[in-house]
Each structure stands twice: as C-alpha cells, then as structure tokens.
Amino acid sequence: MAELLQLQSIKLGDNSFCKSRLFRVYSLPSLQSIELGSNSFGLSDSFILQSLPSLQSIVLGKTAFNNSQSFVMNNLTSLVSFDLGGNRFASVTSFAMIGLVLFDFIET
C-alpha cells in the first residue's frame, strides 16, 4: 500500500465486496475516514484496522461484516467516532481493541 500513503478516505457503497474473505486496512498515515455501506463484506472472515494514526471516523452500514468471526482495531490513536449500523458483526467470536484513545461509539 506504499503508493496510497496520501489516501484520506475510503467510501464504499451498499453491497460492496460481498464475497471478499478479508477486510484489512493498515499503515495508511493520512487516512481520516472509512465509510462502508450496508451489506458490505458479507462473507468476510476478518475485519482488521491497524496502524492508522490519522483515522478519526468509521461508519458501517447495517449488516456489514455480518459473518466476520474476527474483529481487530489496533493503534487507531485519533479515532473519535465509530458509527455502527444494525445487525453487524453478528458472528464475531474474537474481538480486540488495542491502543485506542477515548472515542464516541454510536449505534444506529
């Protein structure tokens, strides 16, 4: 991902990457926001965000990552808002939030 060092936002619409098995975003120093639509990454086994020092906001649509078993957020020191849609991460068996500072958790 070296060529994406200046990327500031990721925004995907509804039903994006429905058959993808992994969602991992890491080592993007300028990334400030992630917004994923409803029903995105429905078959993904893992949701991993790590080493994103400028990430301030995460917005997930309803039923996003519905079948994910692993959820990891690591070293997101600027995160201030995490907005979850309904019925997301219904199958999670492993949940880790490491190196986070206080943020607002919003359930819609």
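What tally of residues in segment 54-72 results from selecting those that are part of a loop (DSSP other than H, G, I, E, B), among the small types (Gly, Ala, Ser) and over 18 Å from residue 98 (Cβ atoms)? Spell out the reasoning first.
Here is the first cut: in segment 54-72, the ones part of a loop (DSSP other than H, G, I, E, B) are 54-56, 61-69.
Retained after the next criterion (residues that are among the small types (Gly, Ala, Ser)): 54, 61, 64, 68.
Add one more test, that the residue is over 18 Å from residue 98 (Cβ atoms), and what stays is 61, 64.
Of the residues in segment 54-72, 2 are part of a loop (DSSP other than H, G, I, E, B), among the small types (Gly, Ala, Ser) and over 18 Å from residue 98 (Cβ atoms).
Just one of 33, 16, 38, 44 is surrounded by 14 or more Cβ atoms within 10 Å (Cβ to Cβ), small (Gly, Ala, Ser) and within 11 Å of the chain's Cα centre (by Cα); which is it?
Just a single option satisfies the conditions, and that option is 33.
Return yes when residue 84 is crowded, with 18+ Cβ neighbours inside 10 Å, under 13 Å from the mean Cα position of the chain (by Cα), at pLDDT 90 or above and not β-branched (Val, Ile, Thr) and no when it is not.
Considered against the rule, which asks whether it is crowded, with 18+ Cβ neighbours inside 10 Å, under 13 Å from the mean Cα position of the chain (by Cα), at pLDDT 90 or above and not β-branched (Val, Ile, Thr), residue 84 comes out as no.
Being modelled with pLDDT of 90 or more, buried (at least 18 other Cβ atoms within 10 Å of the Cβ), not aromatic (Phe, Trp, Tyr) and not in a strand (DSSP E or B): is that true of residue 7 here?
Here the answer is no, as residue 7 does not meet what is asked.
Got a number for residues in segment 10-40 being over 21 Å from residue 98 (Cβ atoms), part of a loop (DSSP other than H, G, I, E, B), free of Cβ contacts under 8 Å to residues at least 40 places away in the same chain and not polar (S, T, N, Q)?
Residues that pass the stated criteria total 6.
Looking only at segment 19-30, filter to residues that are farther than 19 Å from residue 63 by Cβ and in contact with a strand residue (DSSP E or B) (Cβ under 6 Å, 6 or more places away or on another chain); which one of those is surrounded by the most Cβ atoms within 10 Å (Cβ to Cβ)?
25
Could you please find all residues in segment 64-78 being surrounded by 21 or more Cβ atoms within 10 Å (Cβ to Cβ) and more than 10 Å from the chain's Cα centre (by Cα)?
Scanning segment 64-78 gives 68, 76.
The values are calculated or read from the model by the stated rules, or taken from the named source; none is laboratory data. Being a predicted model, the structure only gives us computed values, none of them experimental. Virtual Cβ from ideal backbone geometry, glycine too; neighbours counted across all protein chains shown.
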